[in-house]
Amino acid sequence: MTLGAGVDATVSNLGFLGTNVPLAIGRNVVRVRAQDAVGNVREQSIDVIRTAVGANRIVAVSGDGQSGAARSELPRSFDVQALDAEGAPIAGHPIQVDVLRGSGAIRSSAQADRPDGVTPARNLTLVTNEDGLARVWLTLGHDTRPASDAVRFRGDAMAEDVVFTATALTGPAVSLGLYGTAGTQFVATNSTPVEALMAQAIDAHGNPVSEALVTFRVGQGDAKFDARSAPQGILRDNGQAIDIRTDRLGVATVRPSTGMTAGAIRIDATLADLPTASATFQLASLARKSGPTSLGGVVMDHDGTPIAGVRLSIDRTPLSLLTGADGTFQFPEQVPPGKIDLFVDGRLVQFLRDGIAHEYPALHFEMPIVQGQQNQLPHPIYLPAVSIGRATVVGGNQDVDVTMPGFEGFSMRVRANSVTFPDGTRQGPIVVNAVNADRLPMVPLGTAGQFAGIGWTIQPTNTRFDPPIEVRIPNTEGLAPGRTLPIFQWDHDLAVFVPMGHGTVNEDGTQIVSDPGSGISKAGWGGGGPPPPPPNDGDNQCPVRCPSGIDGRATAAAITISANGNTTDQFLPQPAAGGTTSVAFTSSVTGTCPTQTITWTMGDGTTLTGASVTHNYSGPGDFNVNATLTCGACCAGASDTIRVAVIEVKYARSTACDGFDGKPSPPWLLVATGRTNTADATIDPSTAATDVDFKSLNTGFATVSPATASASPQVVTVTGVAKGDTEIESKNGTSSTFGSFKVAVKDRITKRVTIHAITEENDDVQTIPVGRGIPNQLCLRGGTNLTVDGTVTGDDVLVPGVPGPPPTAATVHTGPDGICNSTGSGDDVQVLPVGNGQPSGSCVGVGANGFRDTVVLALLGDDVASGSSTGVDSGPNGKCETAANTTNLVPTQVPNAATLQNHLNNDYWGKQTNVHFTVSARSQNVNFDLDRNGKLADPYLVSATWVEVDALRAAAQDTSADYNVYFVRNYEYPVALAERPRGESWIGDSKTASVYVITSHELGHLLGNLPDTLTDNRDLMNKWIDGLSGCRIPQTEWNQANP
């Protein structure tokens, strides 16, 4: 279905809804075009006038377009505002509010408006408040389709009306009935029925339920289901059962296959979710035979009198005959097997009744025929007497109202120039006669098998009406105003009853009137859809009729329900960890209700019956509970609705480092005095958000806003008033809490910290190069022959001997490298071993700092340390093998003081504990490395000595600071250490996390003697913070840091 400007409408249950249709200022022609599944098209147009801004007007504020269960109250009100030409609110203006569509009711206050003291209001007059606002709450009607319910607001001297629409949703299927003509039929063996077996699922209010699971099962006889029985069906029990989902009309359709054995077959259909809801199909399986195929039956008047002389013929055959004196007929042979069209023509039978000419109508009747069998109609063919002497001429230039004597409240309005008779003429007589609703020649659609109230026949058949005839039917069922029924007509071309739109119960409850654009377009049989009338017992008179407006003998029935003893909406907390909430419901009935049945829809898909019921709700949810009172066939029932909201409120923060601890139950939030912090409240169900209030249990410590949530999630702001603990609860009025969180309000604490960049200075002097010795040392001396017999090599120096007197021997001395490279021979004396130098040479000297910074490593040679202030000497080999330490150990990971202060105060301790830091920085050279291993000794685990940290403290401590943090190049422990009694921490470069995170972690040890934790990777104080970079400070820690 398409509306103008290309807007596609939603179509369901004989209704449609198009939204967001663009309208220009002034007159608009909206064309509606409908097309069915086989391509048939119909169009209509309506004029809509849009008024420009600049006049007094009513505007919609909120509430449009909601949906909810049928007969339940919508969660949000319909709100409008009256505005003047300049857009300012108009206070004190009367507003008329009317239910335009649907059988619902409206209220303007906490209690239902009942103008007559009993029946909920459908029309109210309100007065706008000081903001120009007016509002009502709508309880939806029984019927479900797009925009099933509509409420109009209008005011005097207002430019236009405001109409709100809402959609009632179909409830769970609670009953199952036969649909159409297939309840009883003949079928041949080893075949399938001509008419499919159809069962319709309907909810508690008579609306068809789609997607309901229906199980068809063979209860008796030789039959089964197979893959051809139903598309998408699921076979079970070797073909003895099949599961089928209902279609958009709530109908499940199946064709079983009969076996070779003739006999009675019973097919039972049940709702899978409610096995007590069932329908039964009876098939008479007849064996196919060779031989004559016959057909017999009987034709009767509506009063059960046989009719003689009625002509019967079978389409597409020469077979034709007249009924006998007893109304029976028999085609003895040559009846074609399969589905036949039996034409029944009673127009030749004419007579006078009460002085008025009558005749019987003609009709087509379809039925299955089994080959070789004596086929029999399953029931009589009833023909109503048509009073041709009471014909009414229609089709002229005036509208004509056609009535039926004896049926007060029934009429048909035939529009001027709307008639086309079968012969093409445009004006002539028609006759409308009543038909007993339970004696129709064809079975109408629906589970009742008959029409509600009055059925009719219009003759001559196939006369057409455009626009359709407006039909008014007496509301003999006492249906509520606004309730709708489908209007059906028999289509002789399609051989089926066709829904032609809806009829709606008028506001005084006396008639069902076909909706605009709906009605009868072809003459023939027709009527209003289910529910059916009382049984045809001869006079159909009820001992008591309700409400009293019909005959004054009774007061209308009313029902009031309560939950846990309260008639007001209930707001209950969700139990912990998957628990259920038990609610006890009771009802109170007043007025006349001879046969009471109370059906409860619990809002979660559950249906219960009884005056009192108890139901367990699992999980949070918003449940509109409806109790429907039925009072038998003669009296109208009533209904009441109460809301039960099972609510859970959970609190969290979008980040883990905002002074919120979600681990405890309830969680905690830290707030500084005079400042605010927030928590995020997630309200489940979100539809109950505006029913949740927030309250501080001690406003002397903290206050909370907003007072009431506006949506979910809701940001809850807490303001610290004074130091102390309180709790924020969420509830509705005096209800139990739906969830809470605790608040710790802390005064500000200030700490001063000095960070030190400590450089270990190394300035030793290399007096003899590595690998060399002392130059000009005696290496080799000549023997008795006073000459050097060996070879002088390397940079050694030969010193010739002196002949005397006294003579001296030649010698070899070490050269610049100080190493003896020459090897003696003969009687030479080897003073220094080859490759050695003179021992005890001064290899490394102490620099200006007066400390030996060089470490002697035995693995590199035999050098000897000569003391902390005297350097390093060569060992026995005379070769210097130790390099002087001239490299300063400067820390590379030292935080910027301003940046660290910002992190401490805005990300960590200030934000999450209200402890604030003032950070200053120093850079110093300190010779703390007393064991000359290039590291600051760990006082506990490795070197287990305090000597070096004491030296560091003595040289660098800022005694005016609360805490001193020393950054060194290498700390002997893997990352860092803090000592609270000393107010000190030592941090080396060997870490992977941010220096700001590590520093904040160590300050935690100093601030509150906080231990390392292992419970949460997000915690700032986690033992493995170097690899995690957490930032969260939980409640136990902020209490230690700021007691």
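Here, each number is a calculation from the coordinates, and none is a lab measurement. Because the structure is predicted, anything quoted here is derived from the model rather than measured. Glycine gets a Cβ as well: all are built from the backbone with ideal geometry, and neighbour counts include every protein chain shown.
Of the options Pro332, Ile356, Leu322, report the single residue whose Cα projects farthest towards the positive end of the charge dipole of segment 294-383 (beta-carbon charges: Lys, Arg +1; Asp, Glu -1).
Pro332
Counting other Cβ atoms within 10 Å, which trypsin sites (Lys or Arg not before Pro) in segment 3-40 have at most 12 and lie in a DSSP loop?
On the way: sites: Arg27, Arg31, Arg33; in loops: none.
Answer by residue number: there is no such site.
Using all Cα-Cα distances in segment 673-747, what percent lands in each 5 angstrom bin from 0 up to the longest?
3, 18, 30, 24, 14, 9, 2, 0
With +1 on each Lys and Arg Cβ and -1 on each Asp and Glu Cβ, and nothing else charged, work out how big the dipole of the chain is about its Cα centre, in Debye to the nearest 20. Could you put the intermediate results ahead of the total?
Numbers: 71 positive and 103 negative charges, 571 e Å.
Dipole size: approximately 2740 debye.
Given the options Gly102, Phe78, Leu124, identify the residue whose Cα lies farthest towards the positive end of the charge dipole of segment 53-169 (+1 on Cβ of Lys, Arg; -1 on Cβ of Asp, Glu).
It is Gly102, whose Cα lies furthest towards the positive end.
Roughly what % of DSSP beta bridges within the chain run antiparallel, to the nearest 5? Mind dumping the intermediate values first?
On the way: 225 of 273 bridges.
So the antiparallel bridges in the chain amount to around 80 percent.
Give the distance, in whole Å, between the Cα centre of segment 134-212 and the Cα centre of segment 23-79.
If you average the Cα positions of each part, the centres end up 20 Å apart.
Among the DSSP beta bridges whose two residues both lie in segment 673-747, what percent are antiparallel, rounded to the nearest 5?
95
Give the relative contact order (percent, whole number) for the chain; include only Cα pairs under 8 Å separated by 6+ residues.
RCO, the chain: 5 percent.
Say R0 is 45 Å: what FRET efficiency, to the nearest 0.05, do Asp341 and Val393 get from their beta-carbon distance?
Using R0 = 45 Å, I get an efficiency of 0.90.
For segment 53-169, take the convex hull of the Cα atoms, compute a quarter of its surface area, and give me that in nm², please. Walk me through the numbers on the way to the answer.
Working: hull surface 27.7 nm².
If I average the Cα hull's projected area over directions, I get 6.9 nm².
Using alpha carbons only, how many degrees (0 to 90, rounded to 10) separate the axis of helix 897-906 from the longest principal axis of the chain?
30
Once you charge only the Cβ atoms, +1 for Lys and Arg and -1 for Asp and Glu, what is the size of the charge dipole of segment 55-211 about its Cα centre, to the nearest 20 debye?
360
Ordered by packing density, taken as the mean number of other Cβ atoms within 10 Å over each peptide's residues, highest first, how do 998-1011, 400-413 rank?
So the order, starting with the most tightly packed, is 998-1011, 400-413.
What's the magnitude of the charge dipole for segment 391-528 around its Cα centre, counting Lys and Arg as +1 and Asp and Glu as -1 at the beta-carbon? Answer in Debye, nearest 20.
200
Report the far tail of the P(r) of segment 897-1041, meaning the percent of Cα-Cα pairs longer than 27 Å.
In whole percent, the long-distance tail amounts to 19.
Can you grab the distance from the C-alpha centre of segment 232-279 to the C-alpha centre of segment 603-653, Å, no decimals?
32
Separation between the Lys1023 and Ala584 pseudo-spin-labels, each 7 Å from Cα along Cα→Cβ, expressed in nm?
5.5
Going by C-beta contacts inside 10 Å, put Leu271, Leu860 in order with the fewest on the left.
Working: Leu271 24, Leu860 11.
By the 10 Å Cβ count, ascending, the order reads Leu860, Leu271.
Which order do the peptides 178-187, 151-160 come out in when sorted by mean C-beta neighbours inside 10 angstrom, highest first?
On the way: 178-187: 20.7, 151-160: 17.5.
Per-residue Cβ counts within 10 Å, averaged per peptide and sorted highest first, yield 178-187, 151-160.
How far is helix 947-956 tilted off the main Cα axis of the chain, in degrees rounded to 10, range 0 to 90?
So the helix axis and the longest Cα principal axis differ by about 90 degrees.
Using a 10 Å cut-off around each Cβ, can you sort Ser696, Ser612 from fewest to most neighbouring Cβ atoms?
Fewest to most other Cβ atoms nearby, the residues stand as Ser612, Ser696.
Spin-label point model (7 Å from Cα, Cβ direction): what's the Phe351 to Thr184 distance in nm?
2.6
What is the gain in length, in nm to one decimal, between Ser705 and Glu86 on full extension, counting 0.36 nm per residue of separation less the C-alpha to C-alpha distance? Write out the running numbers ahead of the final one.
Working: separation 619, 0.36 × 619 = 222.84 nm, distance 3.43 nm.
Extra length available between Ser705 and Glu86 comes to 219.4 nm.
How high is the FRET efficiency from Ala652 to Asp64, r the C-beta distance, R0 41 Å, rounded to 0.05?
Plugging the Cβ-Cβ distance into 1/(1 + (r/R0)^6) gives 0.80.
Towards the positive end of the charge dipole of the chain, with charges on Cβ (+1 Lys, Arg; -1 Asp, Glu), say which of Phe343, Gly867, Ala173 has the farthest Cα.
Phe343
Just to compare against my own numbers: the Cα pair-distance distribution for segment 311-431, 5 Å bins, whole % per bin, please.
2, 9, 15, 17, 15, 13, 11, 10, 6, 3, 0, 0
Which percent, nearest 5, of DSSP beta bridges in segment 911-1043 are antiparallel?
35
Counting only the backbone N, which residues of segment 93-135 are under 19 Å from the spot 7 Å out from the Cα of Asn506 toward its beta-carbon?
98-104, 122-123
Using a basic spin-label model with each label point 7 Å from the Cα along Cα→Cβ, how many nm lie between Asp725 and Gln376?
Between Asp725 and Gln376, the label points sit 8.9 nm apart.
State the extension gain, in nm to one decimal, for the chain segment bounded by Asp962 and Arg752, taking 0.36 nm per residue of separation less the distance between their alpha-carbons.
On the way: separation 210, 0.36 × 210 = 75.60 nm, distance 0.52 nm.
Length gained, Asp962 through Arg752: 75.1 nm.
Around Asn785, under 12 Å between beta carbons, what's the net of Lys plus Arg minus Asp minus Glu among the other residues? Spell out each step's value before the answer.
Numbers: positive: Arg781; negative: Asp789, Asp827, Asp828.
Computed value for this residue: -2.
Which of the peptides 274-287, 36-49, 962-975 is most tightly packed, and how do the rest follow, going by the mean number of other Cβ atoms within 10 Å of each residue?
Highest to lowest by the protection proxy: 962-975, 274-287, 36-49.
Could you go through segment 738-745 in sequence order and give the Karplus-derived ³J(HN,Hα) for each residue, using 6.51 cos²θ - 1.76 cosθ + 1.60 with θ = phi - 60°, rounded to whole Hz, and x for Gly and Pro?
8, x, 9, 9, 9, 10, 10, 9
With viscosity set to 1.002 mPa s at 20 °C, what whole-number translational diffusion coefficient in µm²/s follows for the chain from Stokes-Einstein and a Kirkwood radius over Cα pairs?
Using the Kirkwood radius from Cα pairs, D works out to 55 µm²/s.
Give me the extension gain from Val770 to Leu322: residue separation times 0.36 nm, minus the current Cα-Cα distance, reported in nm with one decimal. Before the final figure, lay out the partial values.
Working: separation 448, 0.36 × 448 = 161.28 nm, distance 13.95 nm.
Fully extending the segment from Val770 to Leu322 adds 147.3 nm.
Sticking to Cα atoms, compute the Rg of segment 175-286 to one decimal and its Dmax as the biggest Cα-Cα distance, whole number, in Å.
Both quantities, over Cα of segment 175-286: 13.0, 42 Å.
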